[in-house]
Each structure stands twice: as C-alpha cells, then as structure tokens.
Amino acid sequence: MIRSALLALVLVQAEGVTPKYGAEKSAKDKVYAEMKLGIKIEGSEQMVNFVRTMHPFLSIDKLVLRAEGTHQVLGGGKHKVEYEEARIEGIYDDDPIEVDFQRGLPPADLASDKTRQMFWYLAAAGRNFTLTPAGEYRSDDPNQDQNGEAMDLVALAIVRMPDRAVKEGDSWEKEWQGARAEKNKNGKFRYKQKIKVEKVETRDGKTVATLVGELTGKVEGDRDPSAEEAWTKCEGKTKTVLEIETGRILEAEGAGKVTGYFRNTAENGQKQDLTLTFSSEGKLRVK
C-alpha cells in the first residue's frame, strides 16, 4: 500500500499535474470558515466625516466571523457556502458588538437593532459565486464593486490556473481585467497574479497540490477631474489546496488589502486628502 502510494507520487512528480477547479455538481463538504474585515479611514477631518456618512458599512472598524457550515458545487461552476452556525464579533462606530448566528433562528430583537441586523445577515448570506475551472471568479452579488471583487479574490484564495501541466516548484503568472466597477463608473482592476506549486502529495489515494500566490492590482479607467492625485490598489497573499482529480477545494486562505487614495485642493485653498484601506482575510477548510 505504502509502496503503491510512493510510486504514484513519483509518477505525478515526473509527469506533472494540471490543476483546475471542479465545475460539476458535487456532494456537500462540511467546512470551517473564517472571515476578517477591517476598515481604516484616514485624512482630512472633513473628508473622513463625509466618507463615513456614505454608507453604514463604512462605520465598521473591525469584523470577525467564524462559522461552520457546508460548501458545495451546484454545477456549472456555481459554488454555495452556507453557514449553519456562526459567531460574529466586531467594532461598529467605536462600539463592540457580538452576534450569534444559527440558520433559521434569528434573534428576537433583530428587527429593532439595525447594526446587529447587518452583522446577522452577513452570516445568513454565506458565499455564492461562480468559479470556472480556469479560475475566473464572479460573485452572485449584483451590487459588488471593484473593491469587493478584489477582497473576495484574496479572502477566497482564488487562483488563475496554468495552461500546462506543472510540477512541484513550478510557477506561472496571469494578468487580467476585473469584471466589477462602481455604479455608473467604468474603473476596473487590472490584476496580476504570481502562483507557485509549493507541494504535490497524495492524501487518501488522491493527488493534492498546494498553490501559493501573490495578487496585485490597480484600478484603471475613471478618474475624478477634481483630483490632483487619485488611485486604488490591491495586494494579497493566498494559499489554495486542491484535489487534482476532482478540482475539489480542500483548503483556501488569504490575507491582503485594498487601498484607495485621493488628494485635491478645496475651494478655500486648503489641501485635503483621504486614504481608505480595506483589509481582508479568509479561511475555508474541509473538516
């Protein structure tokens, strides 16, 4: 048994593997999931205060969600991550908040507390997205903008797959334009990803590859005519563990950030600037 497994691994190392995400309908995997989000707004007081009023979401300083649930490919590359139980902790408008989530059992005070409601529905929504075998990703959220897209790519450790068989130690690079933009704007991320095969091994008779990646990007397109300087960039590191025969995701974790900067001169001649940073981390592990 051990000799057969070693022989299979030697053959895989010699011939290489071609990692791809699974797109066909699969059984549900029981998973542990984690999501961390941080928002930092820095700059001129007037601009910081204005940005915080744009959306309640921007008053979240920190959010941590730890959950147990299921992950399933529904077919056609559609993925569904559904949380059964979760604990959400965070800081909202400088106040700590804690919410316990159990599917189908919303707290009695949920309707009267908008902040707890927002946190609870983050767990209730889970994760729903389409992922092609080659690693092209699209969230089911029709309102997602380019920043949300970039944070998803990092937190879900999405990998753009190679066009050839690869061996342990091999690496490749991919560049592409993102699909998302802010409403009524056309600025989209231009991404670059570097991926390396960290390890190829056998687990329970299956070939498993660990892929580590670095993602960078910059928004191209719209430019505010009032800005003297403005840009949005993203960066992150990821690790994905994939079952080669099925394309099944065994582990995925990533951490990174999206940073936006704006500077101009107000009508009174005063210089003003703003730096908005979204930090994003995520983990998904089959139990």
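The values are calculated or read from the model by the stated rules, or taken from the named source; none is laboratory data. Here the structure is a predicted model, which means the values were calculated and not measured. Quick reminder, even Gly has a Cβ in these numbers, built from the backbone with ideal geometry, and neighbours come from all protein chains shown.
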Report task. Filter segment 63-94 down to the residues that are touching a helix residue (DSSP H, G or I) at 6+ places or on another chain (Cβ under 6 Å) and more than 26 Å from residue 135 (Cα to Cα), then identify the one that is surrounded by the most Cβ atoms within 10 Å (Cβ to Cβ). Result -> 86
Query - Matching residues, segment 9-56, being at pLDDT below 95, under 22 Å from residue 202 (Cα atoms), among the hydrophobic types (A, V, I, L, M, F, W, C) and surrounded by fewer than 16 Cβ atoms within 10 Å (Cβ to Cβ) - result: 9, 10, 11, 14
Requested in this report: Out of 62, 78, report the one residue that is in contact (Cβ under 8 Å) with a residue 12 or more places away in the chain, over 21 Å from residue 119 (Cβ atoms) and among the charged types (D, E, K, R).
Outcome: 78
Requested in this report: Please work out which one of (1) part of a helix (DSSP H, G or I); (2) over 20 Å from residue 185 (Cβ atoms) is the condition residue 133 fails and give its number.
Outcome: (1)
Query raised in the report: Which strands (runs of 3 or more DSSP E) does segment 22-122 wholly contain that include 2 or more residues that are among the polar types (S, T, N, Q) and within 25 Å of residue 138 (Cβ to Cβ)?
Result: 60-75
Query - Residue within segment 237-254 that is more than 28 Å from residue 27 (Cβ to Cβ) and either of a type in the set (Val, Ile, Thr) or crowded, with 17+ Cβ neighbours inside 10 Å (or both) present - result: no
Report task. Among the residues of segment 159-184, write down those that are farther than 22 Å from residue 255 by Cβ and either in contact (Cβ under 8 Å) with a residue 60 or more places away in the chain or surrounded by 14 or more Cβ atoms within 10 Å (Cβ to Cβ) (or both). Result -> 162, 164, 165, 166, 167, 168, 170, 179, 181, 182
Query raised in the report: Name the residues in segment 95-113 that are loosely packed, with under 12 Cβ neighbours inside 10 Å and either under 25 Å from the mean Cα position of the chain (by Cα) or not charged (D, E, K, R) (or both), would you?
Result: 96, 98, 104, 105, 108, 111, 112
Query - Filter result for residue 186 (out of contact with any Gly (no Cβ under 7 Å at 6 or more places or on another chain) and polar (S, T, N, Q)) - result: no
**Report entry** Evaluation of residue 237 against (1) in a loop (DSSP other than H, G, I, E, B); (2) under 30 Å from residue 63 (Cβ atoms) (one fails), failing number
**Finding:** (1)
Requested in this report: Might you check whether a residue that is of a type in the set (S, T, N, Q) and either at pLDDT 95 or above or not in a loop (DSSP other than H, G, I, E, B) (or both) occurs anywhere in segment 178-192?
Outcome: no
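The rows are residues; the columns are (1) under 29 Å from residue 18 (Cα atoms); (2) in a strand (DSSP E or B); (3) free of Cβ contacts under 8 Å to residues at least 12 places away in the same chain; (4) touching a Pro at 6+ places or on another chain (Cβ under 9 Å).
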site: 201; (1), (2), (3), (4): yes, yes, no, no
site: 227; (1), (2), (3), (4): no, no, no, no
site: 251; (1), (2), (3), (4): yes, yes, no, no
site: 259; (1), (2), (3), (4): no, yes, no, no
site: 272; (1), (2), (3), (4): no, yes, no, no
Requested in this report: Among what's in segment 231-287 and is of a type in the set (Gly, Ala, Ser) and farther than 23 Å from residue 210 by Cβ, pick the residue that is farthest from the chain's Cα centre (by Cα).
Outcome: 269
Query raised in the report: Of the conditions (1) touching an Asp or Glu at 6+ places or on another chain (Cβ under 8 Å); (2) of a type in the set (A, V, I, L, M); (3) in contact (Cβ under 8 Å) with a residue 24 or more places away in the chain, residue 97 fails just one. Which one is it?
Result: (3)
Query raised in the report: Going through segment 116-132 one residue at a time, which ones are touching a helix residue (DSSP H, G or I) at 6+ places or on another chain (Cβ under 6 Å) and at positive phi?
Result: none
